[in-house]
1. I'd like to check something: does the range 401-413 contain any residue that is β-branched (V, I, T), more than 30 Å from the chain's Cα centre (by Cα) and over 27 Å from L277 (Cβ atoms)?
2. Pick from the range 42-96 the residues that are under 21 Å from H198 (Cβ atoms), β-branched (V, I, T) and part of a loop (DSSP other than H, G, I, E, B): which of them is modelled with the lowest pLDDT?
3. Look at Y137 and say whether it is modelled with pLDDT under 95 and aromatic (F, W, Y).
4. Which pairs turn up if I take residues in the range 404-422 that are at positive phi and look for partners that are surrounded by fewer than 18 Cβ atoms within 10 Å (Cβ to Cβ) and assigned to a loop (DSSP other than H, G, I, E, B) with beta carbon separation below 8 Å, at least 6 apart in sequence or on another chain?
5. Residues that are in a helix (DSSP H, G or I), at pLDDT 95 or above, of a type outside the set (K, R) and assigned by TED's automatic domain parsing to the domain that holds Y315: does the range 371-391 have at least one?
6. Would you pick out the residues in the range 234-256 that are touching a residue at least 24 places away in the same chain (Cβ under 8 Å), surrounded by fewer than 22 Cβ atoms within 10 Å (Cβ to Cβ) and not in a helix (DSSP H, G or I)?
7. Can you tell which of G319, G337 is crowded, with 19+ Cβ neighbours inside 10 Å, more than 22 Å from the chain's Cα centre (by Cα), over 17 Å from I407 (Cα atoms) and not polar (S, T, N, Q)?
8. Any idea which residue in the range 134-160 is farthest from the chain's Cα centre (by Cα), counting only those that are of a type in the set (A, V, I, L, M, F, W, C), within 22 Å of Y123 (Cα to Cα) and outside any loop (DSSP other than H, G, I, E, B)?
Amino acid sequence: MKYLHLWLTWKWQAIIFISSSLLLMPLASSLVLANSAELQSQRGAYLARVGNCMGCHTTRGGKPYAGGRKMRTPFGVFVTPNITPDDDTGIGQWDKEDFWQAMHHGKSKDGRYLYPVFPYIEYTKVTRQDSDMIFAYMHSLPSVAQNNPPHKIDSPYDNQWLLRLWRTWYFTEGVYEPDSSKSEEWNRGAYLVQGLGHCSACHTSRNVWGASQDGELAGGEIMGTYWYAPSLISPLEAGMGDWPVEDIVELLSTGITSHAVTSGSMATIVRQSLQHLSADDMRAMAVYLQSISEKEIDVRKTKKIPAMPEAVRQYLSKGELVYEKHCQDCHGVSGQGVPNIYPPLAGNRSVTMASSLNTIRSVLYGGYPPSTTGNLRPYGMPPYQHIIYDIEIAQVVSYIRNAWGNIGSLVSPFDVDQSRGNEY
């Protein structure tokens, strides 16, 4: 009887344990799925940072990702859409397949072709897994009911058939294919630069149809911004083939090094996106950018410098006077600057490259490196458009481009006026 009692007790305990386990299994599965969804959303948040999605889909002072930012182009004004999970004004009724269609194929949920102001030309290289994680993050955001104004696209560019023809000529879809001859780190960097980072969206010149030309990352004026994104290949512009990888990482993550500083649109990218990348991803991008850059050359050996006409000499001497009065205290008598505070102007490729646009705009509107975790209180340069005339700006920029061994073309008051674009 004693053994029978023990057997029955064990049997009932086993039944209770199994029953409890069966009851807990759905709860455990739910917890695993919840954790998986949360991890996917967290990873998506990071990837959205890499792609700087908020940078375009948030207007100044507006709700994050609610859209409304105006993108001015030669083809009209485009307004970024609301990508919060609002059912009526956002992407609340989208599923991950719809999102993938936009990222990879450049088509909206209803099948309409998207205009390439949305960089699906680059985003097509993003993997399906990364696309799904970004979508998961977008659907975890607070829903914002915000109707944004429609695009104002000039005729005939508002024709979907014309856009279809454009895509036939200029768009090739396809996820990034790793180069088996390169390291895993190099391929990761290439994937980030070519895909989510969509660097060529700015650092590539455009033809009359707005399509990339002259090679990827070869430099070009950023459409609608009147800033020039320098070549990431040419040693005469922003090519970093001779830079240590650590210096490239420092510039991209903090916005400043002892010999270079980011400003304008690039400073915004560093602040909003690049400084938030993981150390491994940042290094991977640096390794890739270093590998595609040409080695630096001595410009003075490749160019025969003619004797300077007297009129040019006088023009530059007037610029020197402006420099001594307004610039010398920070940038130095010899244009040497102050390491990690004021960038050097002597030997500065951003000053001497073919396009003088960025230098002119920095004098007009001031130069402000980004505030980053690695450079919390950056020193800035005040605007001078309200202090000196256009002719003086032209003279001082011309002087800077040709002093201390620099070699650059002269700048005219017309160039200064043109650099403002249609801002007034």
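1. Quick first cut of the range 401-413, residues β-branched (V, I, T) only: 407, 411.
If we keep only those that are more than 30 Å from the chain's Cα centre (by Cα) too, we end up with none.
No: zero hits.
2. Top of the filtered list is T59.
3. Details: modelled with pLDDT under 95: no; aromatic (F, W, Y): yes.
So Y137 does not fit the description; no.
4. Here the result reads W404/S334; W404/A346; W404/G347; G405/A346; G405/G347, each pair linking the range 404-422 to a residue that is surrounded by fewer than 18 Cβ atoms within 10 Å (Cβ to Cβ) and assigned to a loop (DSSP other than H, G, I, E, B).
5. Applying the first criterion (in a helix (DSSP H, G or I)) to the range 371-391 yields 390-391.
Remaining after also requiring at pLDDT 95 or above: 390-391.
Imposing the further condition that a residue be of a type outside the set (K, R) reduces the set to 390-391.
Next, only the ones that are assigned by TED's automatic domain parsing to the domain that holds Y315 stay: 390-391.
Yes - at least one qualifying residue is present in the range 371-391.
6. S234, P235, L236, E237, G241, D242, W243
7. Numbers: G319 fails: over 17 Å from I407 (Cα atoms).
It is G337.
8. Here is the first cut: in the range 134-160, the residues of a type in the set (A, V, I, L, M, F, W, C) are 134-136, 138, 141, 144-145, 153.
Within this subset, residues satisfying the condition of being within 22 Å of Y123 (Cα to Cα) are 134-136, 138, 141.
Next, only the ones that are outside any loop (DSSP other than H, G, I, E, B) stay: 134-136, 138.
Numbers: I134: 17, F135: 20, A136: 22, M138: 19 Å.
It comes out as A136.
The values are calculated or read from the model by the stated rules, or taken from the named source; none is laboratory data. Model, not experiment: these values are computed from the prediction. Positions of Cβ are backbone-derived with ideal geometry, glycine not excepted, and every protein chain shown enters the neighbour counts.
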